[in-house]
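The values are calculated or read from the model by the stated rules, or taken from the named source; none is laboratory data. Fair warning: this is a prediction, and the values are worked out from it, not measured in the lab. Counting neighbours? That spans all protein chains shown, and the Cβs are built from the backbone with ideal geometry, glycine included. In case anyone asks, the SASA skips ligands and DNA or RNA and just uses the protein heavy atoms, side chains included. Shrake-Rupley method; radii C 1.70, N 1.55, O 1.52, S 1.80 Å.
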Amino acid sequence: MIIRDIATLKQTIRGWKQAGETIGFVPTMGALHEGHLSLVKQARAQAQRVIVSIFVNPTQFNNPTDLATYPRTEAEDIALLGHVDAIFIPAAETMYPAGFSSTVRVSAMAGILEGAHRPGHFDGMATVVTKLFSLTEADSAFFGEKDWQQLQIVRRFVQDLNLPIDIMACPTLRESDGLALSSRNRRLSPEGRKSAPALHAILQQTATAIRQGHPIAEALDKGRAALVAAGFGPIDYLACCEAESLTPVTTVFTTKHDNVGLRLLVAAALESVRLIDNIVI
C-alpha cells in the first residue's frame, strides 16, 4: 500500500492499533539497496506490521547541489518493497506545511564529526524523524550502524523526550570487498568504485594499530595519510570516539575505555562523492 497523505496513514494505523498489532518502522530517503532491505527484514521479524518511509528530507541538506543530485528512484524502490504493509511517500509540503517553524535539536552530539561539516544536518534529521515517529505511531524503528552518529543522536533524543519507541540498531552491510553499502556508491565511476574499498581497509588498519597500543593520535595521522595516498580528499575526519557519547579519544588506548567502547569513524570524499564508514575498536 502506497500512502502519500497523512490522513490515510493515520486511518490505516488506527485499524492496526485497534487490532492490537505492533508496528515496525524503517525511515529512508529512497535509492534503496540491500542495506535498507536488511532493516526491513529485521522489522518484519520483530513486528506484525511494517511501514517504510521514502522522503528526501530537504532540511538535512546544507549543500543544495547534494540535495539536487541525491538519487531518486521511486519506482524501483516501490518494487523492492512489495512485501511491506505500507510505504509512506510524502511530499515536502506534507511534512513542512506553510508556517512550519519547529526544530528538534540535540546539542551535545550534533556539532561534531558530521555536524561540523554539515551545519544543520542533524537538526533537520532529528526533526523529520521525530515527526515520522509521531505519524507512524511505531513501536520500534530500525537504523543501520553505518550512520553511527545519526544512530546515537536518535537514541539520545528518544531518551531525552521520552518518546514511546524502541530504537533497533542493525549491522552495516558491505560488499564482498568491504565497501559499506550506500546510495552514494552509485555515483562513483568504475575507477572510483575500485578505489573505494580502501576506506574500510584503512579503518581496519588504524583500528588494529590502536588495539596494539600505538598512540591514537599517531595511528589517526597515519590513517589520514593512507587515505590521501589512496586518492581520497578532502578528508573531513578520521576520529576515535567513545561509542555512545562520541567524545573524541586521543590518548593511548587503555582499559579505562572498556566500559564505554570505542568507535573509529571516517568521512572522506572520492571523486567528489562523500563516503562515511565506522567500525568498533
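Are any residues in the range 30-55 at pLDDT 95 or above and in a loop (DSSP other than H, G, I, E, B), and if so, which ones? Listed by number, the residues that qualify are ALA47, GLN48, PHE55.
From the list ARG44, ARG72, ARG49, pick out the single residue that is open to solvent by 30 Å² or more (accessible area, probe 1.4 Å), touching a Phe, Trp or Tyr at 6+ places or on another chain (Cβ under 7 Å) and of a type outside the set (Asp, Glu).
Working: ARG44 fails: touching a Phe, Trp or Tyr at 6+ places or on another chain (Cβ under 7 Å); ARG72 fails: touching a Phe, Trp or Tyr at 6+ places or on another chain (Cβ under 7 Å).
Testing whether each residue is open to solvent by 30 Å² or more (accessible area, probe 1.4 Å), touching a Phe, Trp or Tyr at 6+ places or on another chain (Cβ under 7 Å) and of a type outside the set (Asp, Glu) leaves just ARG49.
Annotation note: of VAL128, VAL158, VAL106, the sole residue that is in contact with a strand residue (DSSP E or B) (Cβ under 6 Å, 6 or more places away or on another chain) and open to solvent by less than 40 Å² (accessible area, probe 1.4 Å) is VAL158. Scanning the range 140-155 for residues that are surrounded by fewer than 19 Cβ atoms within 10 Å (Cβ to Cβ) and more than 10 Å from the chain's Cα centre (by Cα) yields SER140, ARG155. Taking the criterion of being touching a strand residue (DSSP E or B) at 6+ places or on another chain (Cβ under 7 Å), in contact (Cβ under 8 Å) with a residue 60 or more places away in the chain and not aliphatic (A, V, I, L, M), the residues of the range 23-35 that qualify are GLY24, PHE25, PRO27, GLY30, GLY35.
To keep it simple, each residue is scored yes or no on (1) open to solvent by 50 Å² or more (accessible area, probe 1.4 Å); (2) in a strand (DSSP E or B); (3) modelled with pLDDT under 95; (4) of a type in the set (S, T, N, Q).
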site	(1), (2), (3), (4)
ARG186	yes, no, yes, no
LYS194	yes, no, no, no
LEU203	no, no, no, no
ASP221	yes, no, no, no
ALA226	no, no, no, no
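Out of all the residues in the range 170-178, is one or more surrounded by 18 or more Cβ atoms within 10 Å (Cβ to Cβ), in contact (Cβ under 8 Å) with a residue 40 or more places away in the chain and assigned to a strand (DSSP E or B)? For the range 170-178, residues surrounded by 18 or more Cβ atoms within 10 Å (Cβ to Cβ), in contact (Cβ under 8 Å) with a residue 40 or more places away in the chain and assigned to a strand (DSSP E or B): present.
Taken over the range 187-225, the criterion of being touching a helix residue (DSSP H, G or I) at 6+ places or on another chain (Cβ under 7 Å) and of a type in the set (Val, Ile, Thr) is satisfied by ILE202, THR206, ILE210, ILE216. The test for being within 17 Å of GLU271 (Cα to Cα) and either part of a loop (DSSP other than H, G, I, E, B) or open to solvent by 10 Å² or more (accessible area, probe 1.4 Å) (or both) does not hold for GLY213. Can you name every residue in the range 228-255 that is more than 23 Å from the chain's Cα centre (by Cα), in contact (Cβ under 8 Å) with a residue 40 or more places away in the chain and open to solvent by 80 Å² or more (accessible area, probe 1.4 Å)? Selection gives nothing. There is no residue in the range 255-265 that is within 30 Å of THR73 (Cβ to Cβ), assigned to a strand (DSSP E or B) and in contact with an Asp or Glu (Cβ under 6 Å, 6 or more places away or on another chain). Summed over the range 74-129, residues that are free of Cβ contacts under 8 Å to residues at least 60 places away in the same chain, closer than 18 Å to PRO58 by Cβ and among the β-branched types (Val, Ile, Thr) total 2.
Per the listing THR130, THR208, the residue uniquely assigned to a helix (DSSP H, G or I), within 30 Å of GLU21 (Cα to Cα) and hydroxyl-bearing (Ser, Thr, Tyr) is THR130.
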